[in-house]
1. Modelled with pLDDT under 85 and more than 14 Å from the chain's Cα centre (by Cα) - does that describe any residue in the stretch 274-294?
2. Would it be correct to say that ARG464 is within 18 Å of ALA555 (Cα to Cα) and of a type in the set (Lys, Arg)?
3. Of the residues that sit in the stretch 288-337 and are among the basic types (Lys, Arg) and under 30 Å from ARG260 (Cα atoms), which one is most open to solvent (accessible area, probe 1.4 Å)?
4. Name the single residue that is nearest to GLY336 (Cα to Cα) among those in the stretch 426-450 being among the small types (Gly, Ala, Ser) and touching a helix residue (DSSP H, G or I) at 6+ places or on another chain (Cβ under 6 Å).
5. If we keep just the residues of the stretch 13-30 that are out of contact with any helix residue (DSSP H, G or I) (no Cβ under 7 Å at 6 or more places or on another chain) and surrounded by 14 or more Cβ atoms within 10 Å (Cβ to Cβ), which is nearest to GLU54 (Cα to Cα)?
6. Check the stretch 432-453 and report whether any residue there is without any contact (Cβ under 8 Å) to a residue 24 or more places away in the chain and within 30 Å of the chain's Cα centre (by Cα).
7. Among the candidates GLU96, GLU54, GLU75, GLU49, single out the residue that is under 19 Å from ILE17 (Cβ atoms), without any contact (Cβ under 8 Å) to a residue 24 or more places away in the chain, open to solvent by 10 Å² or more (accessible area, probe 1.4 Å) and not β-branched (Val, Ile, Thr).
8. I'm checking my understanding of the structure. Among residues of the stretch 189-209 that are in a helix (DSSP H, G or I) and touching a helix residue (DSSP H, G or I) at 6+ places or on another chain (Cβ under 7 Å), which one is nearest to HIS243 (Cα to Cα)?
Amino acid sequence: MNLVRKKFGELLVDAKIIDEQQLAYALSLQKETRQRLGQVLIDLGYAGEQEIVEALSIQLSLHVFHGEGASADAEMKALIPKDLALKKGVLPVCVENRKLYLAMTNPLDFQTINEISFRTGRTSVIPLVAGESTLLEAIEKFYGNTESAPEGKSTWEVLQEIQETENIEFVQETQEDEKDPRDVFGSDDPPIIRLVTIILSNAIKARSSDIHIEPREKDVRVRYRVDGSLREALTFPNQIKNHVISRIKILANLDITKKRTPQDGSACLKVEGTSIDLRVSVLPSIHGEKIVIRVLNHNMGTKSLEDLGLPEDTHERLLKAFSQPQGMLLVTGPTGSGKTTTLYAILNRIRSDSENIVTIEDPVEYKIDNLTQVMVNESVGLTFANALRSILRQDPDIIMVGEIRDLETAEIAIRSALTGHLVFSTLHTNDTVATIARLTDMGLPPYFISSALSGILAQRLLRRICENCKVPAEPPVDTGAGIFAGIKQFYKGEGCPACSNTGYYGQTGVYEYLEVGSSLKMLISDNRNEDALFEAARRNGLKTLMDAAIAKVAAGITTPQEVLSKIPLPRTEP
């Protein structure tokens, strides 16, 4: 068997379909995955399906099945049930003189040949070489569509509907003059590669921040997160699930042989000259590996403070906070609330040739000139805490810590703020006052917190009403205990092609800024509870997230339903 595979690989090299380096790499993967060499080459993008089929035909002296000529009468269908045909990758073509001609994606699968021979009572089974796409199309025509196909479509129909791949280039990061054997992408890509490419391309067009590829019992669902909400993009059959997953793993430099452990990787692509970074996370599930891809579009760039839409008073207070020579500013909110975007906007505003600014991030989402950016790598011990210790020996003026996750990082960050450094970081908390309680719960002494903390900015992102289909709306039936009672006119989006019939297009930020002044510092040092801190903050003019969100509804920017789904209900005034 090894001899056959070696000859097959050599045949492809002789035909200049692949080169020696690509063959060696594919063979090493094939030994680990135990897939057919031809399928490995297709998944890697080295060869097209038809090229593999023709090479196999020459090597094995077998005829090629082109998808036509299969007799779809009841007797032929009874020979091999459809579920078995799909599972084994076979199709009965015809019977002549008790010989069964069997189209196969793997004509060297002698176990299947013997099983079909025993099942059908045909002592002579003649295999024909078939490409997987060709065979799937023929099976669907032969047996008819199944319930497992999305929206009644066959696997082949799904692949056929894929558009031609656009001007997308996958970039492999290698050393100079070093050729990566995977760096082969042609314009005549096979259907699986085109499917993965179009999933990525459509996600970028839809302004998606994340792509979810979710295996289910009968199919695989692809969803895009757009403006903070997931929406279904397409489904494709389970028959091609493993090939799609392998393709994405290859692009992200992940191990395609590991299917039972989580993996994280990254990839880079260029769409019409624009660089797009992808962060790939693979998680095993009961129906297969789920993949989530974070899309970082560098064309969007970093925003300025003015672009964030901060209220004027909040903007002025922020400017005051980060113009100080030392102290700590925290930005809080759940995942996807725009915390990192805000921090980048601040760094863009304060960076200068006279300041040494160092960031610790996981991962580095945007590269900024004149900053030293460090990416966390826990596999080699480079955690937030360890990186922060090293940074303090680098004579920094300003430090940005991507996230405070534990007591150790929090202690080092606060000590840095107390010893002449300006420190920015993020936390996952509901509002500004809750952040103080969270730091205390982590184990930080209250006097540490009060001494170091300069300000806290809590934020959320709300979907904007689509301007193309914006119309007046009736007041909501449930106004959230009178929250929107003072608003005279409400608006909504009816849904149109521009917003994919959601009624929303884009996002707007809402902010709650708490300036930690002397009176509040005293209360923190006294370890007062959240209610006392909130009451003091309110007296000092704190405008809550709900206050900011109500203003957005009154201005016709968003809807009450969006506010109630994203903003925590206001605290009860003491």
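The values are calculated or read from the model by the stated rules, or taken from the named source; none is laboratory data. Bear in mind that the values here come from a model prediction, so they are computed numbers and not experimental data. Quick reminder, even Gly has a Cβ in these numbers, built from the backbone with ideal geometry, and neighbours come from all protein chains shown. Protein only, heavy atoms only, side chains kept; ligands, DNA and RNA dropped before computing areas. Shrake-Rupley method; radii C 1.70, N 1.55, O 1.52, S 1.80 Å.
1. Yes, that holds for at least one residue.
2. Working: within 18 Å of ALA555 (Cα to Cα): yes; of a type in the set (Lys, Arg): yes.
So ARG464 passes the test.
3. Initial filter on the stretch 288-337 (among the basic types (Lys, Arg)): 290, 294, 303, 317, 320.
Filter once more, keeping what is under 30 Å from ARG260 (Cα atoms): 290, 294.
On the way: LYS290: 59, ARG294: 85 Å².
The selected residue is ARG294.
4. First, pick out the residues of the stretch 426-450 that are among the small types (Gly, Ala, Ser): 434, 437, 443, 450.
In the following step, the residues that additionally are touching a helix residue (DSSP H, G or I) at 6+ places or on another chain (Cβ under 6 Å) were identified as 437, 443, 450.
Working: ALA437: 22, GLY443: 27, SER450: 28 Å.
The extreme case among them is ALA437.
5. Narrowing the stretch 13-30 to residues out of contact with any helix residue (DSSP H, G or I) (no Cβ under 7 Å at 6 or more places or on another chain): 14, 16, 21-22, 24-25, 28.
When the remaining residues are screened for being surrounded by 14 or more Cβ atoms within 10 Å (Cβ to Cβ), the result is 22, 25.
Numbers: GLN22: 19, TYR25: 22 Å.
Across the stretch 13-30, the extreme among qualifying residues is GLN22.
6. Going residue by residue through the stretch 432-453, those that are without any contact (Cβ under 8 Å) to a residue 24 or more places away in the chain are 438, 441, 445.
From the residues that got through so far, the ones that are within 30 Å of the chain's Cα centre (by Cα) too are 438.
Yes; the residues of the stretch 432-453 include at least one that is without any contact (Cβ under 8 Å) to a residue 24 or more places away in the chain and within 30 Å of the chain's Cα centre (by Cα).
7. On the way: GLU96 fails: under 19 Å from ILE17 (Cβ atoms); GLU75 fails: under 19 Å from ILE17 (Cβ atoms); GLU49 fails: without any contact (Cβ under 8 Å) to a residue 24 or more places away in the chain.
Every option except GLU54 fails the conditions.
8. Quick first cut of the stretch 189-209, residues in a helix (DSSP H, G or I) only: 191-205.
With the extra rule that they be touching a helix residue (DSSP H, G or I) at 6+ places or on another chain (Cβ under 7 Å), the set shrinks to 191-193, 195-196.
Details: PRO191: 10, ILE192: 7, ILE193: 9, LEU195: 10, VAL196: 10 Å.
Among those that are in a helix (DSSP H, G or I) and touching a helix residue (DSSP H, G or I) at 6+ places or on another chain (Cβ under 7 Å), it is ILE192.
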